Amino acid sequence: MAAQVDMNKCTMCGGTKEPICVEACPDEAIRVQDSRIVVTEFLCEDCNECGFRCPDHAISIPLELVTF
C-alpha cells in the first residue's frame, strides 16, 4: 500500500507551485496532476517522508508499512 492522501485535508501547501510532499519524496512517487496530489503506488517505498513533512497532516501510511 502506498501513501494515502486525504484530499479533504490537503491544501496543496497553500497553493504553492510545488507542494512539500512532492519535494520531500525521495522516490519521486508523488506528483501534482489536475490540481491534486497523486501517489504512484509502485514507486512509493512507504518511507513516510511525505507524511512527516505535510503541514496539513493529510498524508498517512499504515504504521505496519513504514520502512524507516
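Laboratory data are not the source of any read-out in this text; all were calculated from the coordinates shown. As the structure is a computational prediction, the values presented were derived from the model and not from experiment. Using ideal geometry, Cβ is built from the backbone for each residue, glycine included, and neighbour counts are taken over all protein chains shown.
Which value, in Å to one decimal place, does the Kirkwood hydrodynamic radius take for the chain when every pair of different Cα atoms is included?
Numbers: mean 1/r = 0.0855 Å⁻¹.
Evaluated over the chain, this radius sits at 11.7 Å.
Lone cysteines in the chain, going by a 4.7 Å Cβ-Cβ cut-off?
Cysteines lacking a close Cβ partner in the chain: C10, C13, C25, C44, C47, C54.
Can you show me the helix-derived [θ] at 222 nm for the chain, built from DSSP H runs with n ≥ 4 at -39,500 (n - 2.57) apiece and divided by the number of residues, rounded to the nearest 500.
Theoretical 222 nm ellipticity from helices: -3500 deg cm²/dmol.
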